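The next block holds one structure in the form of structure tokens; read it before the comments.
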Amino acid sequence: MKAEVISIGTELLLGEITDLNAAYLASQLPLLGLDLHFISTVGDNQQRLIEILNLACSRSDIVFTTGGLGPTEDDITREAIAELCREKISIDQSLVTQFRERFQTFNMDMPESNIKQASVIPSCQVVPNPRGTAPGWWVEHDGCVIISMPGPPSEMQTMWTDIIAPRIREKYCDSIIYTSTLKTFGLSEAELGEITRSYLQAKNPTVGIYAKPDGIHLRVGAKSTTLDEARRLVGKTVAELRSLCGEYIWGSDNDTLEGLIAGIFIGRKLSLATIEINTGGALANMLTNLPESKSFYRCGIVANLNEIDTDFGLNMNVLDQYGVVSTQTAREAASAIRRRYSTSIGMSVIGILEPDDSGAKPGTVLIGIDDGTRSSAFTRAFPGNRMQIKYRAAVSALFELRKIML
């Protein structure tokens with residue numbers, strides 16, 4: 001089946017928010033065997049939305065829309081679909097009752113404007129919204145299926161996972177697609193592409209290569225009439241890729257770098273303290289996103305580049321001799337934080353985010369690790385803006401820690 005995605009909202013056209021929904025659906029539709037041919041973005045204009053809906057239905061079998069299902073005047077998706085189908089909108093009182101009950105659970109009165117979200121047309125099937133008040137619509141019109149989902153990504157993705165995808169699979173899918181992802185670090189996209197070239201040209205399983213913040217991913221997908229056969233095809237290719245890429249593979253599927261680090265520390269009953277200089281706590285944030293971090297992560301100090309002194313337990317002679325932006329200081333900072341909080345391992349990150357008096361180029365990152373018997377320091381350089389450099393510094397620090405731990 002040919003599929004199309006329409007993202008609705010003037011804020012998307014103005015660049016005020018990033019369209020996460022289209023990217024998410026683009027990654028999910030192949031898993032159902034749907035071929036995505038077009039992605040469109042349209043503002044909150046009913047006539048233009050009707051035009052793009054009409055075009056989409058003329059060339060695609062199934063059309064997904066996101067956004068425009070809210071309670072305000074500029075939420076016009078329902079009205080546009082109703083006009084396209086030449087049907088009259090009415091209010092479903094049972095939905096209004098559900099909305100009021102949901103608001104009551106939060107001890108709130110429902111604004112009258114939310115009644116608009118209970119609008120229906122005769123040909124639509126209402127799709128429940130587990131995360132919000134905006135139901136989706138499932139409409140079959142002139143041989144085309146129009147599926148409308150809310151704009152907030154958390155609501156859209158939950159509706160997709162819990163309701164829409166299973167219904168599509170049941171109604172339209174005569175084959176099974178199974179995928180698995182290998183995550184690599186240390187190779188560029190071009191280098192990994194050279195190593196895996198023959199696999200990237202294969203038809204079933206297919207192998208795709210994607211640059212991600214935590215490295216380069218290889219996604220293996222196979223299509224078959226049975227899940228067991230699809231898994232067998234994927235498993236064979238994954239095993240061959242593991243043999244080919246070796247130590248560059250650090251994880252797979254739902255693995256996260258911080259999750260693997262946590263598993264190592266908890267499994268070995270080790271503890272960790274960190275000090276970050278000029279990166280704003282990006283590393284501490286990644287680690288503490290894990291609930292289990294309380295089992296091994298003792299402390300994270302976040303410091304300004306110009307405010308490093310003896311209060312942090314550092315040997316100031318090292319700083320005076322080599323400067324803050326140096327591998328010697330990175331090692332000393334890691335050792336100092338480990339001593340101060342009596343942890344198994346201490347780690348430091350020093351980042352240069354923009355031109356300053358240190359003379360180091362923006363994007364320079366120094367990482368120090370001390371385990372009580374030896375200390376190591378690494379220098380890395382990353383492109384990007386402040387936010388990107390901080391995130392990449394934290395990811396790189398965790399990769400170096402993982403290598404040492406292994």
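When residues of region 21-80 are filtered for being in a loop (DSSP other than H, G, I, E, B) and under 18 Å from ARG169 (Cβ atoms), how many remain?
Residues meeting the conditions: 3.
Could you tell me which of the residues THR327, THR373, THR343 is over 28 Å from the mean Cα position of the chain (by Cα), more than 16 Å from ALA282 (Cβ to Cβ), surrounded by 18 or more Cβ atoms within 10 Å (Cβ to Cβ) and of a type outside the set (A, V, I, L, M, F, W, C)?
Result of the check over THR327, THR373, THR343: THR343.
Restricting the search to region 319-345, which residues are in a helix (DSSP H, G or I) and at pLDDT below 90?
Residues satisfying the conditions are LEU319, ASP320, GLN321, TYR322.
Please work out which residue is modelled with the highest pLDDT, limiting yourself to region 76-95 and to residues that are under 12 Å from PRO135 (Cβ atoms) and hydroxyl-bearing (Ser, Thr, Tyr).
Out of the qualifying residues, it is THR77.
So the check is Cβ under 7 Å with 6+ separation or different chains; which pairs have a first residue in region 103-119 that's in contact (Cβ under 8 Å) with a residue 40 or more places away in the chain and a second one that's part of a helix (DSSP H, G or I) and basic (Lys, Arg)?
Here the result reads SER119/ARG78, each pair linking region 103-119 to a residue that is part of a helix (DSSP H, G or I) and basic (Lys, Arg).
Among the residues that make up region 116-127, is at least one of them assigned by TED's automatic domain parsing to the domain that holds CYS144 and more than 16 Å from SER148 (Cβ to Cβ)?
no
If you go through region 255-287, how many residues are more than 16 Å from ASP371 (Cα to Cα), in contact with a strand residue (DSSP E or B) (Cβ under 8 Å, 6 or more places away or on another chain) and in a helix (DSSP H, G or I)?
The total comes to 6.
Mind checking which residues of region 188-205 are surrounded by 11 or more Cβ atoms within 10 Å (Cβ to Cβ), under 13 Å from VAL220 (Cβ atoms) and without any contact (Cβ under 8 Å) to a residue 40 or more places away in the chain?
Result: LEU200, ALA202, ASN204, PRO205.
Here are some conditions: (1) over 26 Å from the mean Cα position of the chain (by Cα); (2) surrounded by 14 or more Cβ atoms within 10 Å (Cβ to Cβ); (3) not polar (S, T, N, Q). ILE177 meets all but one. Which one does it not meet?
Among (1) over 26 Å from the mean Cα position of the chain (by Cα); (2) surrounded by 14 or more Cβ atoms within 10 Å (Cβ to Cβ); (3) not polar (S, T, N, Q), the lone unmet condition for ILE177 is (1).
Taking the criterion of being in contact with a strand residue (DSSP E or B) (Cβ under 9 Å, 6 or more places away or on another chain) and assigned to a helix (DSSP H, G or I), would at least one residue in region 117-137 satisfy it?
yes
Return the residues of region 295-318 that are touching a strand residue (DSSP E or B) at 6+ places or on another chain (Cβ under 8 Å), over 18 Å from SER271 (Cβ atoms) and modelled with pLDDT of 80 or more; say none if nothing qualifies.
VAL302, ALA303, ASN304
Kindly establish whether GLU307 is assigned by TED's automatic domain parsing to the domain that holds THR343, acidic (Asp, Glu) and under 33 Å from the mean Cα position of the chain (by Cα).
no
All but one of (1) outside any helix (DSSP H, G or I); (2) of a type outside the set (A, V, I, L, M, F, W, C); (3) free of Cβ contacts under 8 Å to residues at least 24 places away in the same chain; (4) closer than 30 Å to LEU69 by Cβ hold for SER154; which doesn't?
Only one criterion in (1) outside any helix (DSSP H, G or I); (2) of a type outside the set (A, V, I, L, M, F, W, C); (3) free of Cβ contacts under 8 Å to residues at least 24 places away in the same chain; (4) closer than 30 Å to LEU69 by Cβ is unmet by SER154, namely (1).
The values are calculated or read from the model by the stated rules, or taken from the named source; none is laboratory data. For clarity, every value in this text was computed on a predicted model and none was experimentally measured. Glycine also receives a Cβ, built like all others from the backbone with ideal geometry; neighbour counts cover every protein chain displayed.
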